[in-house]
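S.K.: Encoded as structure tokens, here's the structure I'll be asking about.
The values are calculated or read from the model by the stated rules, or taken from the named source; none is laboratory data. Model, not experiment: these values are computed from the prediction. Every residue, glycine among them, receives a Cβ derived from its backbone with ideal geometry; neighbour counts consider all protein chains shown.
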């Protein structure tokens, strides 16, 4: 029983740890991006290309990954690279805001979207909550099974107590 109990708690624990990991990751990423934005300079970049790659997930469903390439100018020098964000409204020629390191303009990022960070944080919290609910359900099931086992043992003991042996 102990091995089964340990294994049954493994899935909820994985969910809970994954949820915590997602929330911690998005918090650190958002804080770092906000810190970068505080010291960065801002300019407008032009989308030069959007590369789309269709992939298949583990369930066999297709999804599209977008890689956005941009170009911008700082002090008369042109910089280009991959933009770390994508929106369906983007097209080749679209203007996007970039934050760049004034000492190294080739280091640049999209504006931090607090709404996206909150959304991912909520998703991480939901994954954690699923783990908690699974843990509660498994614990309740184990207690119910234990009660049924105890009842059967009590009934068997009662039956032994009522057994009368006569010599005939």
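S.K.: Does the range 39-61 include one or more residues that are under 30 Å from residue 93 (Cβ atoms) and out of contact with any strand residue (DSSP E or B) (no Cβ under 7 Å at 6 or more places or on another chain)?
M.R.: The first filter runs over the range 39-61 and keeps only residues under 30 Å from residue 93 (Cβ atoms), leaving 39-55.
With the extra rule that they be out of contact with any strand residue (DSSP E or B) (no Cβ under 7 Å at 6 or more places or on another chain), the set shrinks to 39.
Yes, some residue in the range 39-61 is under 30 Å from residue 93 (Cβ atoms) and out of contact with any strand residue (DSSP E or B) (no Cβ under 7 Å at 6 or more places or on another chain).
S.K.: Quickly run through the range 16-32 and pick out the residues that are within 30 Å of residue 136 (Cβ to Cβ) and surrounded by 16 or more Cβ atoms within 10 Å (Cβ to Cβ).
M.R.: Let us first name the residues in the range 16-32 that are within 30 Å of residue 136 (Cβ to Cβ), namely 16-28.
If the condition is that a residue be within 30 Å of residue 136 (Cβ to Cβ) and surrounded by 16 or more Cβ atoms within 10 Å (Cβ to Cβ), then 16, 19, 22, 23, 26 are the ones that fit.
S.K.: Could you tell me which of the residues 120, 96, 70 is farther than 29 Å from residue 24 by Cβ and either at pLDDT below 85 or within 29 Å of the chain's Cα centre (by Cα) (or both)? Spell out the reasoning first.
M.R.: Numbers: 120 fails: farther than 29 Å from residue 24 by Cβ; 96 fails: farther than 29 Å from residue 24 by Cβ.
Of the residues listed, the single one that is farther than 29 Å from residue 24 by Cβ and either at pLDDT below 85 or within 29 Å of the chain's Cα centre (by Cα) (or both) is 70.
S.K.: Does residue 53 satisfy the condition of being surrounded by 12 or more Cβ atoms within 10 Å (Cβ to Cβ) and more than 23 Å from residue 117 (Cα to Cα)? Outline the logic, then answer.
M.R.: Details: surrounded by 12 or more Cβ atoms within 10 Å (Cβ to Cβ): no; more than 23 Å from residue 117 (Cα to Cα): yes.
Here the answer is no, as residue 53 does not meet what is asked.
S.K.: Has the range 9-31 got at least one residue that is over 22 Å from residue 127 (Cβ atoms), at pLDDT below 95 and outside any strand (DSSP E or B)?
M.R.: Filtering the range 9-31 for residues over 22 Å from residue 127 (Cβ atoms) gives none.
The answer is no, given that none of the residues of the range 9-31 is over 22 Å from residue 127 (Cβ atoms), at pLDDT below 95 and outside any strand (DSSP E or B).
S.K.: Using the structure shown, decide if residue 59 is surrounded by fewer than 16 Cβ atoms within 10 Å (Cβ to Cβ) and over 21 Å from the mean Cα position of the chain (by Cα). I'd like the intermediate steps shown before the answer.
M.R.: Details: surrounded by fewer than 16 Cβ atoms within 10 Å (Cβ to Cβ): yes; over 21 Å from the mean Cα position of the chain (by Cα): no.
It is false that residue 59 is surrounded by fewer than 16 Cβ atoms within 10 Å (Cβ to Cβ) and over 21 Å from the mean Cα position of the chain (by Cα).
S.K.: Something else about it: State whether one or more residues within the range 73-85 are outside any strand (DSSP E or B) and either in contact with a helix residue (DSSP H, G or I) (Cβ under 6 Å, 6 or more places away or on another chain) or in contact (Cβ under 8 Å) with a residue 60 or more places away in the chain (or both). Break it down stepwise before answering.
M.R.: Here is the first cut: in the range 73-85, the ones outside any strand (DSSP E or B) are 75-76, 84-85.
Of the ones still in play, those that are also either in contact with a helix residue (DSSP H, G or I) (Cβ under 6 Å, 6 or more places away or on another chain) or in contact (Cβ under 8 Å) with a residue 60 or more places away in the chain (or both) are none.
No, that holds for no residue.
S.K.: OK, next. Regarding the range 44-58, can at least one residue be identified that is closer than 28 Å to residue 128 by Cα and part of a helix (DSSP H, G or I)?
M.R.: No, the range 44-58 contains no residue that is closer than 28 Å to residue 128 by Cα and part of a helix (DSSP H, G or I).
S.K.: Within the range 82-93, can you find the residues that are more than 25 Å from the chain's Cα centre (by Cα) and closer than 15 Å to residue 111 by Cα?
M.R.: Within the range 82-93, just 90 meets the criteria.
S.K.: Hey, another quick one. So which of 35, 85 ends up being modelled with pLDDT under 90 and surrounded by 15 or more Cβ atoms within 10 Å (Cβ to Cβ)?
M.R.: Working: 35 fails: surrounded by 15 or more Cβ atoms within 10 Å (Cβ to Cβ).
After applying the criteria, what remains is 85.
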